[in-house]
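The structure under discussion appears below in the form of structure tokens.
Please treat every number below as a calculation from the coordinates, not as lab data. The structure presented is a predicted model; accordingly, all values stated were derived computationally and were not measured. Heads up, the Cβs are rebuilt from the backbone with ideal geometry, glycines too, and the neighbour counts pull from every protein chain shown.
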Amino acid sequence: MALLGVAPAHARLAERLERGETITVVALGDSLAAGFELSDPKRDAYPSIFGSVLQRRYPKARIRLIPAGIPGDTARGGMRRLEREVLSRDPDLVTVQFGGNDHGLGRAPAEFERDLEEIVRLIREQPGTAALLATPPIVSPDADTPMVRAVKEIGKRAGIPVADFDGAIRARGTGPRGPFPFGRHPDARLHAVMARSLYEAVETLLPCQRHVRVRIQEGARYFPRADSAPVEVLVEAPGPDPVTVVLECDGVEQRQVVDPGTKAMVPVSFWVPLAKEGTPVRRRLLAWARAGDGFGYDLRWLTATPVVRAGQDGLVIDGRGLVLGRDGWRGPDDLSGRATLIREGDFLHLTVTVEDNRLVRNAHRWNAFDSDCVELYLDSRPAGAQARPYWEPGVIGLFVQPGTTPAEEVSWKPLEPLPDAWQALEVRSALMPGGYRIDLRLPLSLLGAPGSRYVGFDIALDDADGPRGRRTQMVWAGGADDFIDPSLFGAVDLAPEPWGEPQMRVSVW
């Protein structure tokens, strides 16, 4: 099927945005369009981010976003529900994203291409409706998979812009695990990457405007504990107009005006509120800038977590850190813990004392966390790269199961394979009234950064209480996704200043 020419609807969309009219956008797709597995898909799914950025770009317009994503759907399913869920809404713009499930179900690329082409044809027959296509992120070392090629070819033949989700995610980087670690769906950060790709595709339809570059400064830094933290936004906006720079933190705006004619990235400083007393907190940061008819934006996440000082601070793991099983938790005797970290020359000594009124080891279950267990997480990447939100060399997860009888030995295994040198790790456990204790002696040389002052660090406690596996989990600094996202970890200061102030780590990625 040949689809030639540039759709007049694209020009009409640009005109209506400029005039400030109501624009209806329908996001047709699969689980990605639905924001599957996101904690707040109405805010963080790529269609929602795209709609909110488009609204800021065109403040006089009213952007009406209608999600139409169904987990597990294919291009064939999208074609079948196109009239009922999309075209009946009289949309001005339809974004179309399929291919991941078509690929996973083993559908022939030619079948996928025919279905997607039919979707495009039906949208183009709707008067005044523009379309955008998006390539599917595919778990494959090959960046040129048949489904991705098919989407690009259809876009080229139809004269429709294509947002290359697959290419954008590969360019951004996800670490060795890829965009679907352990079968999980892309997180909010990768949805932000997809939303940017979609926005850039829309920009190709709009009149040429001055380019404004905006970037929130990334990295991890350490500060004395406080109720706010600095964030730096870099802006470049050549031209005669003053530049208005806005930083939105969880919906609250701060504004500054920068002198016109900035031909290099100029830093603009803001302060972001945090929780008090070192409580872990995560904030969504949306920075955007406007200069005349120019616009640019960036979206990142800030995470602030506590830092424990080796040899000075003790850790408490209690109900405040419950991330699983809150309704079934019966109090500190059911599950809670304390931990200390001491540096002994070239070794780090960790002691974890766990209150647990019933010890269980489920030998029939493969996952260590489906028994009573201590999870230990370490991030020994260079200081500036620590807390980067994906797993890569230098990030380590260990699962330690105590002996549940005097005759049963402690056991441990890594989340991912470790070099043979890790056999030097010394681990012991002991039964105690109402619980157990884990002692771990770690050669710092295993972390590959013996001179580093800070190491990312977190502890989680798992409680089974029966053969069905884990019932409760509580974490010191991070959350249930520690095994996926190292930005959630706290940190340990291996060389604290005597009587120094307690610290926090603030990372932006």
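Points to keep in mind about this one:
- For region 283-392, the relative contact order works out to 15 percent when only alpha carbon pairs closer than 8 Å and six or more residues apart are counted.
- Cα lying deepest toward the dipole's positive end in the chain, options F369, A143, G325, charges on Cβ: A143
- Here the alpha carbons of region 54-122 define both size measures, Rg and Dmax, at 14.1, 45 Å.
- The chain, helix-only ellipticity at 222 nm - DSSP H runs n ≥ 4, -39,500 (n - 2.57), divided by all residues, nearest 500: -5500 deg cm²/dmol
- A Cβ-based charge dipole, computed about the Cα centre of region 119-249 with Lys and Arg at +1 and Asp and Glu at -1, lands at about 300 debye.
- Estimated D of the chain in µm² per second, where Rh is the Kirkwood radius over Cα pairs and Stokes-Einstein applies at 20 °C, 1.002 mPa s: 85
- Charge dipole magnitude, Cβ of K and R +1, D and E -1 - region 8-203, Cα centre, debye nearest 20: 480
- Bridge type composition, region 8-203 - antiparallel percent by DSSP, nearest 5: 0
- For the chain, with +1 on Lys and Arg beta carbons and -1 on Asp and Glu, the positive-most of S411, G337, G435 along the dipole: G337
- Added length on full extension, which subtracts the Cα-Cα distance from 0.36 nm per residue, D40 to E416: 132.5 nm
- Peptide ranges 286-297, 398-409 listed from the most packed, as the mean C-beta count within 10 angstrom indicates: 286-297, 398-409
- A straight chain from A14 to Q256 at 0.36 nm per residue would run longer than the Cα-Cα distance by 84.3 nm.
- Normalised contact order of the chain, rounded percent, pairs of Cα under 8 Å and 6 or more residues apart: 13
- Region 440-475 residues near the modelled M432 label - backbone nitrogen below 20 Å, point 7 Å along Cα→Cβ: 440-442, 458-465, 473-475
- Fewest-first ranking of M79, M147, M432, M194, using other Cβ atoms within 10 Å as the exposure measure: M432, M79, M147, M194
- Counting only alpha carbon atoms, the long axis of helix 146-158 and the longest principal axis of the chain meet at about 20°.
- Distance between the modelled labels on R80 and R215, one decimal in nanometres: 4.6 nm (7 Å Cα→Cβ projection).
- Charged neighbours of W422, selected by a Cβ distance under 15 Å, balance to -1 (K, R count +1; D, E count -1).
- Cβ-based exposure ranking for S39, S452, in which fewest neighbours within 10 Å come first: S39, S452
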